[in-house]
Amino acid sequence: MSEPRPSERIALVIQYVGTRFHGWQRQPNDRSVQEEIETALAEILGHPVTLHGAGRTDSGVHAAAQVAHFDHSSAIPPNRWAKVLNARLPEDIAIRASAKVPDTWHARFSALWRRYRYTFYTDNQPDLFVSPFSWHYYQAPLNVDLMREALEPLVGKHHLAAFHRANSSRRHSWVDVQAVECYRTGAFVYLEIQANGFLYGMVRLLVGMLVEVGSGERSLDNFADIWINQRRELVKYAAPAKGLCLLRVGYPDFPFPKSVWFDTQPLYHFRNPDNNFSPIARSNET
């Protein structure tokens, strides 16, 4: 009788369009990313498998490079798992790469940081090709400089209870914010925030208030007063989920090249139709 194969741990880099998911985490009655992948793993291996993710994205939120791991003892090579899973997964999930990691490595607990990006589309004309991944905000101009100025004091370790939704199992609201960015590319405004971890609903509540700052409805001093003094009762509105994307997760020793995980959500850029350009024509030469 042959000896059983030793167990090995496999890390995955995962993309998903969150529109039709009720978040990452397995749900009793609703569709989740974790359950879809665990179902595929169970079909392949013939027994239930638990998939551990780096973070729990909310309902409707996308991921450009979510990270997860699972353990198995099959003969499938580590770098083949991406292809094997993609053959069984629905079209709104894709495994970009798979690799073997040490048994002590954990997708959640080994992570040093997570980075999210929020996308606004500010042109007054709707566009169906950007709608699933952006907040179409055209009611008032957004002052990116003011939004950036509001964000910058958040860098550091702070008690961000003002941006912490109810019903969270987390016992505290301390967050170590490592980096923030806010920039414009034509009709698109992008906001990025990186931290060691995020509170339940934090980014969408934060973005909802930053829009008020950028549109001139709320002053910088008032914005600072609310989060510094933890005035959660004054934070009323969360930005739509579809504009939010888990951009990437950072680890001290990651087995994947940057091309797999670093910046895999494309930035939108529209060409100005008034600019002259020369079309590329097919040559008649043979």
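Quick rundown of the values:
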read-out	value
Residue in region 237-259 that is least open to solvent (accessible area, probe 1.4 Å), counting only those that are part of a helix (DSSP H, G or I) and in contact with a Lys or Arg (Cβ under 9 Å, 6 or more places away or on another chain)	Gly243
Failed condition for Ala179, given (1) under 30 Å from Pro126 (Cα atoms); (2) in contact (Cβ under 8 Å) with a residue 60 or more places away in the chain; (3) among the aliphatic types (A, V, I, L, M)	(1)
Number of positions in region 31-43 that are touching a residue at least 24 places away in the same chain (Cβ under 8 Å) and surrounded by fewer than 14 Cβ atoms within 10 Å (Cβ to Cβ)	1
Filter result (open to solvent by 10 Å² or more (accessible area, probe 1.4 Å), hydrophobic (A, V, I, L, M, F, W, C) and under 25 Å from the mean Cα position of the chain (by Cα)) within region 212-234	Trp227
Unmet criterion (only one of (1) under 25 Å from Trp113 (Cα atoms); (2) modelled with pLDDT under 95; (3) in contact with a Ser or Thr (Cβ under 7 Å, 6 or more places away or on another chain)) for Arg56	(3)
Residue satisfying all of: in region 242-266; among the basic types (Lys, Arg) and within 13 Å of the chain's Cα centre (by Cα); farthest from Leu128 (Cα to Cα) among these	Arg248
Verdict on Val67 being open to solvent by less than 70 Å² (accessible area, probe 1.4 Å), more than 30 Å from Trp135 (Cβ to Cβ), among the β-branched types (Val, Ile, Thr) and at pLDDT 95 or above	no
Condition broken by Leu142, with the remaining ones in (1) over 22 Å from Ser32 (Cβ atoms); (2) open to solvent by 100 Å² or more (accessible area, probe 1.4 Å) satisfied	(2)
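The values are calculated or read from the model by the stated rules, or taken from the named source; none is laboratory data. Because the structure is predicted, anything quoted here is derived from the model rather than measured. Cβ atoms come from the backbone with ideal geometry, glycine included; neighbour counts cover every protein chain shown. Keep in mind that these areas ignore ligands, DNA and RNA; they rest on the heavy atoms of the full protein, side chains included. Shrake-Rupley method; radii C 1.70, N 1.55, O 1.52, S 1.80 Å.
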